[in-house]
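Novice: Input: one structure, supplied below.
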Amino acid sequence: MKVRASLLVLVLLATLALSVSDAQNKRDSASQVLAVEKQWNEVYKRGDIAMMNSLLTDDFIITVEDGQTYSKPGYIAHSGNSSVHVQVSDMSDLQVRMHGNTAVVTGAYHEKGTDKGKPYEYRDRLTDIWMNYNGRWRLVASHYSPLSGH
C-alpha cells in the first residue's frame with residue numbers, strides 16, 4: 001500500500017513538473033514572438049526590405065485596411081514604395097496565444113504618414129500569425145481592420 005501511494009505521489013509530481021515546464025516554454029515562446037512582432041513593426045517603419053523579406057514566409061498573405069490583399073512579393077513592393085513615408089507605427093494591447101509552433105498575435109495598431117504627399121492615418125485592430133520554423137519565428141499571415149468610426 002505504501003509503495004502504491006509513493007508511486008502515485010511520484011506520478012503526480014512528475015505531471016506537475018511537466019505542466020510547469022510547459023507553461024514556462026509557452027511564456028518563453030510568447031516573449032520571443034512579441035520581440036519579433038516589434039522587430040517587424042520597426043522593419044516596416046524603416047522600409048527595410050531585406051529584413052522584411054527574411055521575416056515573412058514565402059506564402060505570406062496580408063489583408064490591409066481597404067480590404068486589398070498582398071502576397072509576399074506584392075507586399076514588399078508596396079512597402080518599398082518611395083512615395084509612402086511612415087511617421088508613426090505604433091502597436092499596443094498585444095496579446096499572444098500559443099498553439100504548438102504557431103502563435104496568434106492580436107492588438108491595436110496606429111499608423112500615420114504621407115502617401116504621395118497626402119497625409120493618411122489608420123487606427124486598426126491587427127491579427128498576425130507566426131510559425132516557428134527550425135527555431136526561427138516567421139510571419140505567415142496578417143490582417144488589419146480599421147476601427148469603426150476611423
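Novice: Tally the residues that are under 15 Å from H143 (Cα atoms), of a type in the set (G, A, S) and modelled with pLDDT under 95, restricting the search to segment 50-73.
Specialist: 1
Novice: With respect to S79, determine if the residue is within 18 Å of V43 (Cα to Cα), in contact with a helix residue (DSSP H, G or I) (Cβ under 7 Å, 6 or more places away or on another chain) and of a type outside the set (D, E). Steps first, please.
Specialist: Working: within 18 Å of V43 (Cα to Cα): yes; in contact with a helix residue (DSSP H, G or I) (Cβ under 7 Å, 6 or more places away or on another chain): yes; of a type outside the set (D, E): yes.
Spelling it out, S79 is indeed within 18 Å of V43 (Cα to Cα), in contact with a helix residue (DSSP H, G or I) (Cβ under 7 Å, 6 or more places away or on another chain) and of a type outside the set (D, E).
Listed here are the residues, each with its yes/no results for (1) assigned to a strand (DSSP E or B); (2) more than 12 Å from the chain's Cα centre (by Cα); (3) among the acidic types (D, E).
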| residue | (1), (2), (3) |
| --- | --- |
| M52 | no, yes, no |
| G67 | no, yes, no |
| A77 | no, yes, no |
| S89 | yes, yes, no |
| M98 | yes, no, no |
| H110 | yes, yes, no |
| R123 | yes, yes, no |
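Novice: Of everything in segment 30-45 that's surrounded by 13 or more Cβ atoms within 10 Å (Cβ to Cβ) and closer than 14 Å to D90 by Cα, which residue is farthest from the chain's Cα centre (by Cα)?
Specialist: That would be K45.
Novice: For Y133, indicate whether it is at pLDDT below 95, surrounded by fewer than 16 Cβ atoms within 10 Å (Cβ to Cβ), more than 11 Å from the chain's Cα centre (by Cα) and within 17 Å of E37 (Cα to Cα).
Specialist: Yes, satisfied.
Novice: With at pLDDT below 90 and surrounded by 12 or more Cβ atoms within 10 Å (Cβ to Cβ) as the only criterion, which of A77, A17 stands out?
Specialist: A77
The values are calculated or read from the model by the stated rules, or taken from the named source; none is laboratory data. Remember, predicted model here, so these are calculated numbers, not experimental data. Note: ideal-geometry Cβ built from the backbone for every residue, glycine included; neighbour counts use all protein chains shown.
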